[in-house]
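Heads up: the structure comes next, in structure tokens.
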Amino acid sequence: MNRKQLITSLVILAVVGLSIYFILKKDISSWNSSKYSATGENLLADLDVNKITGFVVSSGKQTATLKRNDDGSWIISEKDSYPGDYQKILNFLKNLPEIKTVQNINAGKSQFEKLGLADSDKEKGTAIALDFIGESGKKLASFLIGKKHFKKEENPMPFMGGGMSDGCYVLLADGKLQPRLVNNSFESISADPMSWTDKSFFDIENIISMESKRKNPDESWKLVKDEKTDKLTLADIKDGELLDEGKIQMLNSFLKYVAFKDVKICPADFTGESLKIEAGDGFKYDICFALNAENPGQYHVNIKATAAIPENREAGKDEKPEDKDRLDKEFKAKEEKLREKLDREKSLGKWLYTLSKGDMSSVLDTRKDFLKTKDDKKAEGPTENAPAMQ
């Protein structure tokens, strides 16, 4: 590279660098302009998050009341004290000290509705009220979340739907009636109690057998894992019957991607049809399910888990002494994980979950649904064991 080329390259780099600098400076100044002059004050400067023992989120007709247990776990009052999503709650509380006032809004009470901060906005469900509770039920802080603030983009991306939210308007319940624009949009905050529930569910792995008992005996079925193919098959398959492999193998992922719609304590008199599953590592699941009379697109489901977990490891026939410590440690580590899984899944046995009909669809099939029809066989043509006609 000669001297002239070097100078040209440096000039180009300088121009690119300055362009990036001014773009970033302009972006940062969107919060620091006279229109949105940042005060930098913490919204909840006097709130010690470590003293929060509960909080209430309310909007319209919905209310979510979360309470902290002595062991640090959280429960949701409106859902019969169902466990809360610990990580979501922890992240929410940890971020509270980071909420800063970007601008104090000069607005009278008559203008609060434009910001979503009027008294009626909470009742209409267009605003969210947050109340933080301490020991002995003492209210530590309260504020109302109003409309979101959207940063204006000179060249917005069409697929992004316009500007992105970079904050929202809030009103502290401190008697000052001072609306503020803050640097947090509270995107994940909802007054729906279900939005705070722990979504972890049963983890049914390596299904060995499944037995469905329906009200109509003709619709009942039992599947077992074939030792040769390692696939599920009908336990009583007859000569001439051909399995629909696709439908049967779908059962291997039963309950793996479920997001339950609702939950409550399971009534002692709850009855329904049953499904028994035997899975790997000695786990067994007794499932009772019934159609939701109020919503035919949903099912009520109760699941009870048990497991026979060995406490001691049997040494292998050709096991070497130098391998014993390693194998013992691996066995112990696996045993601890299995016991944790069992404890968690047993604790879920007292609940009645509401699942969509789609989540239950694979086990709602009857025995004949697992078999291919004559038309299916004709469409497939000759099988491997039946030579084609010449």
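Quick check, is residue 290 free of Cβ contacts under 8 Å to residues at least 40 places away in the same chain and not in a strand (DSSP E or B)?
For residue 290, the condition - free of Cβ contacts under 8 Å to residues at least 40 places away in the same chain and not in a strand (DSSP E or B) - is not met.
Which of the residues belonging to the stretch 253-303 are under 15 Å from residue 213 (Cα atoms) and either outside the structural domain of residue 354 (by TED's automatic domain parsing) or of a type in the set (Gly, Ala, Ser) (or both)?
Matches in the stretch 253-303: 272, 274, 290.
What are the residues in the stretch 110-140 that are small (Gly, Ala, Ser) and crowded, with 21+ Cβ neighbours inside 10 Å, if any?
The answer is 116, 127.
Scan the stretch 44-84 for residues that are aliphatic (A, V, I, L, M) and within 22 Å of the chain's Cα centre (by Cα) and report the count.
Residues flagged as aliphatic (A, V, I, L, M) and within 22 Å of the chain's Cα centre (by Cα) within the stretch 44-84 amount to 6.
Mind listing just one residue for me: the one in the stretch 310-335 that is surrounded by 10 or more Cβ atoms within 10 Å (Cβ to Cβ) and touching a Phe, Trp or Tyr at 6+ places or on another chain (Cβ under 9 Å) and, of those, farthest from residue 284 (Cα to Cα)?
Top of the filtered list is 313.
Would you please name the residue that is farthest from residue 303 (Cα to Cα), looking only at residues in the stretch 196-232 that are assigned to a strand (DSSP E or B) and among the small types (Gly, Ala, Ser)?
This residue is 209.
How do the strands (runs of 3 or more DSSP E) wholly within the stretch 40-137 filter down when requiring 2 or more residues that are of a type in the set (Ser, Thr, Tyr), over 17 Å from residue 168 (Cβ atoms) and in the same structural domain as residue 186 (by TED's automatic domain parsing): which remain?
Passing ranges, in order: 62-68.
Can you tell me which residue within the stretch 150-195, out of those that are modelled with pLDDT under 90 and outside any loop (DSSP other than H, G, I, E, B), is farthest from the chain's Cα centre (by Cα)?
This residue is 158.
Please verify whether residue 251 is under 25 Å from the mean Cα position of the chain (by Cα), surrounded by 13 or more Cβ atoms within 10 Å (Cβ to Cβ) and closer than 18 Å to residue 347 by Cα, treating the condition exactly as stated.
So residue 251 fails the test.
The values are calculated or read from the model by the stated rules, or taken from the named source; none is laboratory data. Keep in mind that what you see is a predicted model, and the values were worked out from it rather than measured. With ideal geometry, Cβ positions are generated from the backbone for all residues, glycine too; neighbour counts draw on all protein chains shown.
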